[in-house]
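Report on one structure; see the data block that follows.
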């Protein structure tokens, strides 16, 4: 979680590069990422040296970030010195000295890295370097800086997207987290994204594993599921190593720049030796040893991806493996051609091939994949359900990928069952391995449905409900899970105020003295991290409004008492001069007394304001919650105190000034009041509970289960011995004898077409293996508001249908000239 003032600095950094002429968003992101990487690289080198390896900067000390800072107004230094060294970085260390570090997978990927800022834009570079240093200045070194660097990169990518600057390459992170949680991988299980982009699925998988193996009492989740304080404390050493082992997180992207950004993204998120490379997952593998190795069939337990929508592939460059990508077949000239060149279909066949037996995939697809009627569409769906297990289809809101595309999308989840060398000829009479498919319709995903996609923290989010109900379906199946219950499960939400904690001693910033921190033997790992104000200061309530009210009341009271004593001290000499007048011959002159008092108050008031202003250093300079409050309290107290003593001076002979202790050092007495108020500084964050257990009732179900193969009722059928009449028994269950008889005759004709009237028209197989959720959504008769019975309504619908058919027949006769 980045504080608002850090987000503002990232925005400023982006805008500076944008204004300097780097208007291609991918180039601008890459240039900023280079700077982040160069800063991170010096830390990586220090760790390598601690292991006894020589520095990668030997003879090139001017390429260190600490030196780059000294040349920050000179883009030429980066262009002519640093980047030539960076392009040949692989030459500055041995493969042995790279093992176990981020450099192990560098793999010459910086060979075409160039710094593209105009050499005359020294001020832009200077501002950029200052901004990056300021981003991490408060975090110090270690895990806090690592977290902020990773979060900064992610926020930079999100800003590219929300600003409409070619953000189509970024899948919304809340959807990625949801998909990772659907599959719920374990440490050591290999994950691949064959269209990796910036690596979101890969680092989110690692993030999920860290969350899964963290101390639950420390874990905190934002409203959208973003985890914080993932320490991995519950993992064994072997599990912890697997969670950070880049060999378990494999990604490919066809664009070299994108692949490099994705690799640096994983490095900045503390993945060691990330396996994210440039490569076309669908292309020929001959002569591409590394590509062939990473795309070895059956090598992965999980595939997570959002491959390109509605793209086409050059058939001449497509991998010719006929087991991987089916061919047209038959006896025509094109029998050896791939059955399709549509990327979204080819990627699904690739994902099936990459999975080991039992491996699972969650993939975002355009809904056309679910109901398209081309041979390739039907063949793919039939293979998925007949030879493997489609576990679920989750329909996403139409605006999920706004503003870049309005294409309706779904998440398809399937499990591999059949080995590639055991594929059968389809269609087949054999019962499909997928017996039922679970559908869920997401209407709200926590963001507005317009092009802005504004976050809506704490409001309805169907993803939480879908997650729980999908897991119940997988774990219990038809033996226990509920399929049509009209409930919505949500976590509970609450707001906290967070701030970046500085536990090291500082003169100008508030240092918490809570027992939880003072008892720690080493606070370095917590230094610079983000904490709730109630954690830093246990005397404060967790609710920000309550904490603000409590501290404000205390500060107002304390400052009021101090101001009262301070201005009493300044008022007394003037008051004593005039309090004896009005008696005897000497007349009291209120206006003159007030004028003298105001003159005396001028310096006192200036001194009070000066002391209050000097204490602004205790508050956050930007987006501070406490500083505006401090200014308001100071103003109110000043006005009320001066009004009080003005009232006394207007009637000095008759009013008394209460005796009070003098203020000998205003700065010393006002400082602790400001420090107390500064405790509530920070930014408000909406959090969710770790459990999802808040249940509300709905008018209609959001999920349902549909059979893949269901037999149509045939009441006239008789068994060969004549003892059984009707295809179904009294309980409505199909008779095994009937099924055997129908399969013996064959479900499909010689041309592979499904015979009529054998399968129930509402089952998936009877609808060309259609997987569109809306096709099977149950119709709820209770929603019909009518005085007629359901039977009467059905009768009316049938009559209307007959009228339409008659009308169409008449129209056809007219077209054919028969009428």
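Key figures
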{"item": "FRET efficiency for residue 804 and residue 107, using Cβ-Cβ distance with R0 set to 56 Å, rounded to 0.05", "result": "0.30"}
{"item": "Using alpha-carbon coordinates, inclination of helix 25-50 to the longest axis of the chain, degrees", "result": "70 degrees"}
{"item": "Sorted largest first, extent of the chain alpha carbons per principal axis (Å)", "result": "134, 82, 59"}
{"item": "Order of 327, 360 - criterion: other Cβ atoms within 10 Å of each residue's Cβ, fewest first", "result": "327, 360"}
{"item": "Relative contact order (%) - criterion: Cα under 8 Å, at least six apart; region: the chain", "result": "11 percent"}
{"item": "The chain, helix-only ellipticity at 222 nm - DSSP H runs n ≥ 4, -39,500 (n - 2.57), divided by all residues, nearest 500", "result": "-13000 deg cm²/dmol"}
{"item": "Efficiency of FRET from Cβ geometry, residue 79 and residue 636, R₀ 51 Å, rounded to 0.05", "result": "0.35"}
{"item": "Residue 118 paired with residue 720, simple spin-label distance in nm, labels 7 Å along Cα-to-beta-carbon", "result": "8.8 nm"}
{"item": "Residue 286-residue 312 FRET efficiency (beta carbon distance; Förster radius 35 Å; 0.05 resolution)", "result": "0.95"}
{"item": "Distance (nanometres) between label positions extended 7 Å along Cα→Cβ at residue 217 and residue 664", "result": "4.7 nm"}
{"item": "Relative exposure of 357, 633, judged by other C-beta atoms within 10 Å (fewest first)", "result": "357, 633"}
{"item": "Sequence ranges 747-754, 297-304, 667-674, ranked by mean other-Cβ count within 10 angstrom, highest first", "result": "297-304, 667-674, 747-754"}
{"item": "Packing-based order for 591-598, 612-619, using average beta carbon neighbours within 10 Å, highest first", "result": "612-619, 591-598"}
{"item": "Label-point separation in nm, residue 675 to residue 255, each point 7 Å along Cα→Cβ", "result": "5.2 nm"}
{"item": "Fully extended contour minus Cα-Cα distance, from residue 779 to residue 402, at 0.36 nm per residue", "result": "132.8 nm"}
{"item": "Helix axis angle, 790-815 relative to the chain longest principal axis, alpha carbon, degrees", "result": "60 degrees"}
{"item": "Difference of contour (0.36 nm per residue) and Cα-Cα distance, residue 44 to residue 476", "result": "150.8 nm"}
{"item": "Principal-axis tilt of helix 4-19 within the chain, Cα atoms, nearest 10 degrees", "result": "70 degrees"}
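No value in this document is a laboratory result; all are computed from the given coordinates. Here the structure is a predicted model, which is why all the values come from computation and not from measurement. So basically every Cβ, Gly included, is an ideal-geometry build from the backbone, and we count neighbours across all protein chains shown.
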